[in-house]
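Only one structure is covered here, and it is reproduced in the block below.
The values are calculated or read from the model by the stated rules, or taken from the named source; none is laboratory data. Computed from a predicted model, the values in this text were never measured in an experiment. Here Cβ is always computed from backbone atoms with ideal geometry, including for glycine, and neighbour counts include all displayed protein chains. Heads up: the accessible areas ignore ligands, DNA and RNA and are worked out on the full protein's heavy atoms, side chains in. Shrake-Rupley method; radii C 1.70, N 1.55, O 1.52, S 1.80 Å.
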Amino acid sequence: MGNICRSPTAEGVFRAQVAQAGLTGWVHIDSAGTHNYHPGSPPDERSRRHAALRGYDLSRIKARQITEADYARFDLILAMDWDNLALLQDDCPPAHQRKLKRLMEYAGEVSGLPVSPVVADPYHGGAAGFETVLDQIEAGCAGLLQHVQKLARQNCDRAV
């Protein structure tokens, strides 16, 4: 929404997972909000603190609002919840609608329990909310990484 909690956390987590997989040069990752509430601001201090405890660095991320150019530039645009997905769908040109998804569509079952369809908004809550967000985002990003790796293998197979 404002690009200071969930989205920059997902950017930091996915950057780390992509780097660990050796795909840094192949995957471009960025985050943006649907609203222009905090342009140029760093992620919420609580997001940075909880992410750092798990080894994720959010310090170089600055809030921004999604732009029309983003719809053309990126192959996939992920929303954290239904409201933000609806805002993206309203704003997105028809030719790029297929790129819009929720991050949690990529999350598999964790500990045999069903995964939430959305990443919870921790902004008005306490520390537990930021930990829950990290759990959800780590699961979503792990599934997203598997998806990206599968696409990369398919593209390499075609190139040979």
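How many nm separate the modelled label positions at Gln20 and Ala152, each set 7 Å beyond the Cα in the direction of the Cβ?
Output for this residue pair reads 1.4 nm.
Tell me the net charge near His147. Cut-off is 12 Å between Cβ atoms, His147 excluded, with +1 for each Lys or Arg and -1 for each Asp or Glu.
+1
State, as an integer percentage, the relative contact order of the chain based on alpha-carbon contacts under 8 Å between residues 6 or more apart.
Value for the chain: 24 percent.
Determine which aspartates and glutamates satisfy two conditions relative to Lys62: a Cα distance under 19 Å, and not lying fewer than 8 residues away in the same chain.
Candidates past the 8-residue exclusion: Glu11, Asp30, Asp44, Glu45, Asp70, Asp121.
Rounded to the nearest 20 debye, what is the charge dipole size of the stretch 1-72 about its Cα centre when +1 sits on each Lys and Arg Cβ and -1 on each Asp and Glu Cβ?
Value, rounded to 20: 280 debye.
Could you give the size of the charge dipole of the stretch 31-75 about its Cα centre, using +1 on the Cβ of each K and R and -1 on the Cβ of each D and E, expressed in debye and rounded to the nearest 20? Intermediate values should be presented prior to the final figure.
On the way: 8 positive and 6 negative charges, 52 e Å.
Using Cβ point charges on Lys, Arg, Asp and Glu, the stretch 31-75 gives about 240 debye.
Which of Ala51, Ala107, Ala69 moves most in a GNM of the chain, Cα contacts under 10 Å?
Per the Cα network of the chain with a 10 Å cutoff, Ala69 tops the list.
When 1/r is averaged over all different Cα pairs and the result inverted, which Kirkwood radius in Å belongs to the chain?
Every distinct Cα pair counted, the radius reaches 16.1 Å.
When the accessible area of the chain is computed with all protein chains present and a 1.4 Å probe, what percentage of it is carbon and sulfur?
It is 53 percent, rounded to a whole number.
Given Cβ point charges of +1 (Lys, Arg) and -1 (Asp, Glu) and nothing else, what value in debye, to the nearest 20, does the dipole of the stretch 31-130 about its Cα centre take?
360
Have a look at Val27, Val118, Val18 and tell me which one the Gaussian network model of the chain (Cα, springs below 10 Å) gives the largest fluctuation.
Top of the fluctuation ranking is Val27.
So which chymotrypsin sites (Phe, Trp or Tyr not before Pro) in the stretch 1-88 are both in a DSSP loop and have at most 13 other Cβ atoms within 10 Å of their Cβ? Walk me through the intermediate numbers first.
On the way: sites: Phe14, Trp26, Tyr37, Tyr56, Tyr71, Phe74, Trp82; in loops: Trp26, Tyr37, Tyr56, Phe74.
Sites meeting the loop and neighbour criteria: Trp26, Tyr37.
Pull up the cross-link candidates among the lysines for Lys150, meaning alpha carbon to alpha carbon under 22 Å and not fewer than 8 places away within one chain.
Here the lysines satisfying the reach criterion relative to Lys150 are Lys99, Lys101.
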